[in-house]
Amino acid sequence: MGVSILSMVVLCVIQVASAQKLTDANEAAALKKIIEYWKLGSSLDLTVDPCAQNASWASDASNPRIACDCSSNVCHIAHLKIYALDISGQIPNELFELKELVDLNLAQNVLTGPIPAQFEQLSKMQYLSLGTNNLTGQVPLELGNMTKLLSLSFSSNNLDGPLPAELGKLTSLEQLYIDSSGVSGPIPQDLANLKSLKKLWASDNLFTGKFPEFLGTLTELVDLRFEGTSLEGPIPDSFGALTKLDTLRIGDLGGEDSSLDFLRNQTSLSVLSLRSCQLSGQIPDIIGTFSKLIYLDLSFNKLEGPIPDSFQGFTQLQYLFLGSNNLTGAPPANIVSQSLAALDVSFNPLSGNLPANVDKSEFSMNFVGTSINADNLEDRKALEMLRCLEAGTKCVNKVKSTSFSINCGGTEQTSATGVRYNDDSEPLEAASVYTNSNRQWGVSDGGYFISNPNGPQYIAKTDSQITGTLESELYKTARVSPSSLRYFGLGLKNGKYSVELHFAEIKMEDDLQSWKGLSRRIFDVYIQGERVLQDLNIRNEAGGSNRALVKTFDANVTNTVLDIHFRWAGKGTCCIPSQSTYGPLVSAIHASQVAGAAVTSSHQDKKRVGRIVGIAFGCTATLVIVSSVFYLWWMKDASTGHMRVHTGSRKRSK
């Protein structure tokens with residue numbers, strides 16, 4: 001993590017004043033062996049004293065970096081950074097000869113073996129980063145003896161076993177990064193002693209048991225993340241005391257329902273994500289007073305009642321996701337504001353009119369379930385086609401289809417067997433929906449890549465050859481989503497269908513000699529509302545990156561609609577090889593009716609499909625509410641800055 005600027009200035013002054021001092025002989029000898037073991041001789045001149053004045057490797061920006069404390073008769077190595085250089089092997093014993101180390105950064109390499117218990121010998125250590133490596137074994141309880149630690153990271157490794165209770169002795173700790181580390185079991189009660197903790201990243205681990213009540217006593221917390229674990233709710237009411245939170249990300253809880261009543265005084269929040277937390281009850285009005293809120297995700301819960309009128313008071317909010325709940329009533333009149341970049345209230349039984357203050361001319365519509373004059377729609381046929389999604393109704397198409405094929409994220413392709421995969425290259429963003437030109441299928445994307453500094457990427461591409469298939473071009477593009485990606489086959493003849501899902505991991509690298517090959521993409525797949533794949537890891541199942549994988553399933557179509565849903569459940573690494581590399585990815589889809597196969601239909605099946613999809617249209621020029629579910633995707637138009645509903649139909653030229 002490094003030291004403060006003031007500390008660095010002091011260190012530099014000390015080094016200047018101690019120009020003639022040499023490095024402690026034992027430390028110099030140990031460092032030489034470490035450099036040789038990790039093959040860093042080309043980066044570090046072994047003929048020069050490690051603590052030599054004005055050494056090129058001593059600056060804070062250097063990598064590798066060696067910086068020293070020369071305040072005593074000899075110089076001691078205080079800072080060692082070997083970051084993202086793909087060093088391999090284990091952590092050598094010679095490292096523990098550097099007794100004066102304050103800061104050690106070995107992150108983003110391919111170190112193997114266990115975390116050595118000898119780390120406790122480095123009693124002056126304040127910053128220890130071992131994240132993004134291939135370390136195995138259990139977290140040594142001896143780390144709890146490093147009581148001067150301010151920051152500890154062993155995230156994105158292949159560890160196992162529980163967190164040691166001894167970590168509760170690190171009472172000075174301010175940052176703890178353990179996400180995707182592999183640890184499991186209950187979270188030790190002893191961690192309640194970490195009263196100085198400001199950041200705790202713990203997502204994508206195999207934690208079990210109830211969500212810890214004691215976390216609500218860590219009142220210095222600014223950033224708390226628990227997504228993709230096996231923890232059970234409810235979210236403790238004690239969280240109401242966490243008034244300094246800037247980021248709260250909890251997701252994928254099982255067990256009892258949670259409420260939002262703990263959100264009372266969290267006025268410092270800028271990011272609040274409580275996706276899939278079994279939230280029930282109504283959304284509290286108080287959330288609308290959180291003036292610093294930029295990102296709010298309450299999707300995939302059981303929330304009911306209206307969207308609070310207080311939401312009209314947001315001044316900083318950019319992204320609002322309320323989809324897949326039981327929200328009712330009309331959206332607040334001013335919820336569609338110029339400040340929002342994305343709004344998703346899909347799959348809710350909302351109703352009412354589009355707010356009067358919205359300039360409909362700026363909308364490219366794929367908007368269902370409100371009383372909007374159809375004369376203002378630029379492509380009414382797209383809306384009419386989506387009528388198929390309402391259970392129990394019939395499509396407007398006179399000729400029903402028995403198949404559809406999609407080249408996800410790519411242009412039209414025809415396979416060697418003559419299957420024509422439709423173009424699906426239309427750009428989608430944080431909350432958008434698209435139907436293809438012949439209305440045979442549609443796609444929706446929900447969620448936003450919060451941490452991507454280069455902007456969200458919803459289509460993945462590669463120039464690499466895809467192996468394990470004769471259709472390499474089909475796999476060179478893919479749709480990617482940070483949360484929820486759904487494809488709908490529309491206007492299908494009822495019957496039994498064979499559904500082929502084509503995958504290839506084209507964003508995560510396959511190089512085991514580099515830290516960039518340590519990533520894990522994990523997501524679930526649902527067909528007609530039933531989960532058919534859980535914790536799918538494309539690369540593992542295909543046998544490597546850039547290798548084709550095909551999964552085939554049977555599905556019944558009873559209301560002319562086929563619903564294929566790819567959903568992220570908080571699992572997998574988040575940031576390898578780059579920020580926001582995670583979430584569902586699919587290369588192509590081919591669905592065709594099975595000739596002569598019988599299809600079973602029941603009232604329960606129809607009710608389920610209707611609840612999942614739930615879209616309806618009126619037959620007159622005005623669209624009328626006739627279903628129990630309303631959905632809408634809104635995005636800000638990049639060219640005009642105005643809000644619009646994103647569809648698959650481009651605006652007609654005038």
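The values are calculated or read from the model by the stated rules, or taken from the named source; none is laboratory data. Given the structure is predicted, the values throughout are model-derived calculations rather than measurements. Don't worry about glycine lacking a Cβ; one is built from the backbone with ideal geometry, like all the others, and counts go over all protein chains shown.
Do we find that Ser276 is in a helix (DSSP H, G or I) and at pLDDT 95 or above in this structure? No. Of the strands (runs of 3 or more DSSP E) lying entirely inside region 475-545, those carrying at least 1 residues that are assigned by TED's automatic domain parsing to the domain that holds Tyr458 and surrounded by fewer than 21 Cβ atoms within 10 Å (Cβ to Cβ) are 495-503, 523-527, 530-536.
Out of everything in region 292-319 that is at pLDDT 95 or above and of a type in the set (Asp, Glu), what residue ends up being surrounded by the most Cβ atoms within 10 Å (Cβ to Cβ)? Applying the filter and picking the extreme gives Asp297. Here is the figure for region 402-450: residues that are assigned to a strand (DSSP E or B), surrounded by fewer than 16 Cβ atoms within 10 Å (Cβ to Cβ) and β-branched (Val, Ile, Thr) total 1. The residue list Gln579, Gln534, Gln528, Gln593 contains one member that is polar (S, T, N, Q) and over 30 Å from Asn301 (Cβ atoms), which is Gln593. For the residues Thr289, Thr243, the requirement of being modelled with pLDDT under 95 and over 24 Å from Thr573 (Cα atoms) singles out Thr289.
Evaluate the following for Glu36: is it under 36 Å from the mean Cα position of the chain (by Cα), assigned by TED's automatic domain parsing to the domain that holds Asp160, outside any loop (DSSP other than H, G, I, E, B) and of a type in the set (Asp, Glu)? No: the conditions fail for Glu36.
Residues that are among the hydrophobic types (A, V, I, L, M, F, W, C) and within 14 Å of Ser276 (Cα to Cα) within region 217-234 comprise Phe226, Leu231, listed in sequence order. Selection within region 137-161: residues that are over 24 Å from the mean Cα position of the chain (by Cα) and outside any loop (DSSP other than H, G, I, E, B). The member of this set that is nearest to Asp86 (Cα to Cα) is Gly137.
The sole residue among Ser203, Ser180, Ser153 that is touching a residue at least 24 places away in the same chain (Cβ under 8 Å) and closer than 17 Å to Phe119 by Cβ is Ser153. Out of region 438-453, which residues are touching a residue at least 60 places away in the same chain (Cβ under 8 Å) and out of contact with any Phe, Trp or Tyr (no Cβ under 9 Å at 6 or more places or on another chain)? Result: Ser451, Asn452, Pro453.
The rows are residues; the columns are (1) of a type outside the set (Phe, Trp, Tyr); (2) more than 18 Å from Leu245 (Cβ to Cβ); (3) assigned by TED's automatic domain parsing to the domain that holds Ile450.
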residue	(1), (2), (3)
Gln282	yes, yes, no
Lys292	yes, no, no
Leu296	yes, no, no
Ser310	yes, yes, no
Thr315	yes, yes, no
Phe321	no, yes, no
Ser324	yes, yes, no
